[in-house]
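The values are calculated or read from the model by the stated rules, or taken from the named source; none is laboratory data. As the structure is a prediction and not an experimental result, all values here were calculated from the model. Methodologically, a virtual Cβ is constructed for each residue, glycine included, from the backbone with ideal geometry; neighbour enumeration extends over all protein chains shown.
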Amino acid sequence: MLDMLVVGGGYVGLAAAVAVKQAAPHLAVEVVEAVPEHVWQKDERASAIIAAATRMLEVLGVWNEILPDAQPINRMIVTDSRTSDPVRPVFLTFDGEVEEGRPFAHMVPNVSMVRALRGAAERLGITIRHGIRATGFTNTGSQCQVSFSDGSTTQTRLLVACDGVRSKLRDMAGIKTVTWEYGQSGIVTTVSHERPHEGVAEEHFLPSGPFAILPLTGNRSSLVWTERTADADRLVESDDLVFEDELQRRFGHKLGEIQVVGGRKAFPLGLTLARSFVAPRLALAGDAAHGIHPISGQGLNLGFKDVAALAQTVVEADRLGLDIGALDVLERYQTWRRFDTFRMGVTTDVLNRLFSNDNTPLRVARDFGLGIVERMPKLKNFFIDQAAGKSSEGPSLLRGEAI
């Protein structure tokens, strides 16, 4: 019988398995993943990793492997304009360091992150099974029996659902969600440009939604381009000339000529918050617990915060001789994570509604607000610390400490 079974072999699922196994090597931990083994190597996306998450990855022993592919975000600028405006005034700037030598975030290719976490899992002796879907589970009181698409079954004391925003395990457990769609899609692609970005990230608020330029290593940037869903689908399906012309209009000419160097995909955007993060023998983590708008770049980082809280909950309960799958134990994890998650979900929802429109009075009011923040260094530093996950009371891993 397993002690912990993680369903979902992405960065959140792998990090959860590695964090628990590293701190409690005697626990039997396994990961199952629905997709074939090498699919993760085709992921062209990159993610923003905040300072707190990099501390956790350092403790897990994988950050040094990731670091050569990671681009520090040295500065961030925020603009608010229309696509046709000849000038994009900068209303807000953030310097990138939360402490000397540590930027508030890095941009990391997803492939590099998953590769490093898979390597750590293998070194710790964690089995990763591919091409298998969880088709059902039954709580028998002292354990949970999970059935799979290949006809096999497994018993585990704790089942961790990291199977995405449309989590099947969450549905099987009867956990309801708060869900709504924005009528927007996020176009994700990578571009090269003539001039160096110098580690500057840009968030351009345009009437259809935010257009984020996020620096990667070399003269490359990752783009998260929000459009109304119908327009996003049209752009993704258009020929290269039309796509790059529309892209250049939004990107601007500050970095010279640009060229799309990766694939382009559109992902529908919405808000999904699980009403409960736990059930007997079950814990939700990552997108299975929450899916938010990418306007703040915090989606993955919320998942890593889940990992840090869940791992500490499980390991400390085990050290006390408690049942790691018992509901009263798991409720500590839920208490740790629920308020922060709902607060971030509401914040991103409000920001998206506030900035994804062309209402002139609202534009004047929000630009005035950005200008006020720009002139208040202490308030700016507070926002940076929050974005970087800086806290003296969070889980140990997010502070760079072993459990």
TODO: Under 9 Å between Cβ atoms, at least 6 apart or on separate chains: pull out the pairs that start in the stretch 383-399 with a residue that is closer than 10 Å to Ile50 by Cβ and assigned to a helix (DSSP H, G or I) and end on any residue that is at pLDDT 70 or above and among the hydroxyl-bearing types (Ser, Thr, Tyr).
DONE: Ala387/Ser296; Leu398/Ser391
Task: Selection count where residues are part of a loop (DSSP other than H, G, I, E, B), under 17 Å from Val160 (Cβ atoms) and not β-branched (Val, Ile, Thr), scope the stretch 110-150 - done: 3
- [ ] Please state which one of Leu362, Leu322, Leu354 is part of a loop (DSSP other than H, G, I, E, B) and over 18 Å from the mean Cα position of the chain (by Cα).
- [x] Leu322
Task: Search result, residues across the stretch 217-234 that are farther than 12 Å from Thr190 by Cα, of a type in the set (Ser, Thr, Tyr) and part of a strand (DSSP E or B) - done: Thr226
Open item on the list: Condition first: under 30 Å from Gly369 (Cα atoms), touching a residue at least 12 places away in the same chain (Cβ under 8 Å) and under 17 Å from the mean Cα position of the chain (by Cα). Can you find one or more residues in the stretch 2-20 that meet it?
Closed with: no
Task: Pairs, first more than 11 Å from Leu284 (Cβ to Cβ) in the stretch 162-179, second part of a loop (DSSP other than H, G, I, E, B), C-beta under 6 Å, six or more apart - done: Lys176/Arg275
TODO: Please identify the pairs in which a residue from the stretch 28-48 that is under 25 Å from Val314 (Cβ atoms) has its Cβ atom under 6 Å from the Cβ atom of a residue that is of a type in the set (S, T, N, Q) and part of a strand (DSSP E or B), counting only partners at least 6 apart or on another chain.
DONE: Glu30/Thr127
TODO: Hey, can you tell me all the residues within the stretch 139-161 that are in contact with a Phe, Trp or Tyr (Cβ under 9 Å, 6 or more places away or on another chain), touching a residue at least 40 places away in the same chain (Cβ under 8 Å) and surrounded by fewer than 22 Cβ atoms within 10 Å (Cβ to Cβ)?
DONE: Thr154
Open item on the list: Residue pairs, Cβ under 9 Å, 6 or more apart or interchain, first in the stretch 344-372 and of a type in the set (D, E, K, R) and at pLDDT 70 or above, second outside any helix (DSSP H, G or I) and surrounded by fewer than 15 Cβ atoms within 10 Å (Cβ to Cβ). List them.
Closed with: Asp349/Trp180
TODO: Report yes if some residue within the stretch 255-265 is surrounded by 15 or more Cβ atoms within 10 Å (Cβ to Cβ), β-branched (Val, Ile, Thr), in contact with a Leu (Cβ under 9 Å, 6 or more places away or on another chain) and closer than 25 Å to Ala388 by Cβ; otherwise report no.
DONE: no
- [ ] Working only within the stretch 252-266, note down all residues that are under 18 Å from Ser192 (Cα atoms) and either in contact with a strand residue (DSSP E or B) (Cβ under 6 Å, 6 or more places away or on another chain) or assigned to a strand (DSSP E or B) (or both).
- [x] Leu255, Gly256, Ile258, Gln259, Val260, Val261, Gly262, Arg264, Lys265
Task: Residue, farthest from Gly209 (Cα to Cα), within the stretch 291-305, restricted to residues that are in contact with a Gly (Cβ under 6 Å, 6 or more places away or on another chain) and in contact (Cβ under 8 Å) with a residue 60 or more places away in the chain - done: Gly303
Open item on the list: Take the conditions of a type in the set (Gly, Ala, Ser) and not in a helix (DSSP H, G or I) and apply them to Ala201. Does it pass?
Closed with: yes
TODO: Please give the helices (runs of 4 or more DSSP H) falling wholly within the stretch 5-109 in which 1 or more residues are among the acidic types (Asp, Glu) and within 22 Å of Gly218 (Cβ to Cβ).
DONE: 63-66
- [ ] Kindly list the number of the only condition in (1) surrounded by fewer than 23 Cβ atoms within 10 Å (Cβ to Cβ); (2) at pLDDT 95 or above that fails for Arg281.
- [x] (1)
Open item on the list: Tally up the residues in the stretch 191-200 that are surrounded by 20 or more Cβ atoms within 10 Å (Cβ to Cβ) and either of a type in the set (Val, Ile, Thr) or at pLDDT below 95 (or both), please.
Closed with: 1
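Does Leu282 satisfy the condition of being out of contact with any Leu (no Cβ under 6 Å at 6 or more places or on another chain) and touching a residue at least 40 places away in the same chain (Cβ under 8 Å)? Quick ask: steps written out before the conclusion?
Values: out of contact with any Leu (no Cβ under 6 Å at 6 or more places or on another chain): no; touching a residue at least 40 places away in the same chain (Cβ under 8 Å): yes.
No; evaluated as a whole, the condition is false for this residue.
Given the criterion within 21 Å of Val111 (Cβ to Cβ), in contact with a Lys or Arg (Cβ under 9 Å, 6 or more places away or on another chain) and among the basic types (Lys, Arg), identify the matching residue among Lys305, Lys265.
The match here is Lys265.
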- [ ] Give the stretch 115-138 a look and list any residue that's buried (at least 20 other Cβ atoms within 10 Å of the Cβ), farther than 23 Å from Arg45 by Cα and out of contact with any Cys (no Cβ under 9 Å at 6 or more places or on another chain), or say none.
- [x] Ile126, Ala134
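Sort through Ser296, Ser276 and tell me the only one that's within 30 Å of Leu2 (Cα to Cα) and of a type in the set (Ser, Thr, Tyr).
So the residue among Ser296, Ser276 that is within 30 Å of Leu2 (Cα to Cα) and of a type in the set (Ser, Thr, Tyr) is Ser276.
Within the stretch 189-211, restricting attention to residues that are hydrophobic (A, V, I, L, M, F, W, C) and out of contact with any helix residue (DSSP H, G or I) (no Cβ under 9 Å at 6 or more places or on another chain), which residue is farthest from Thr226 (Cα to Cα)?
Only one residue fits best here, namely Val200.
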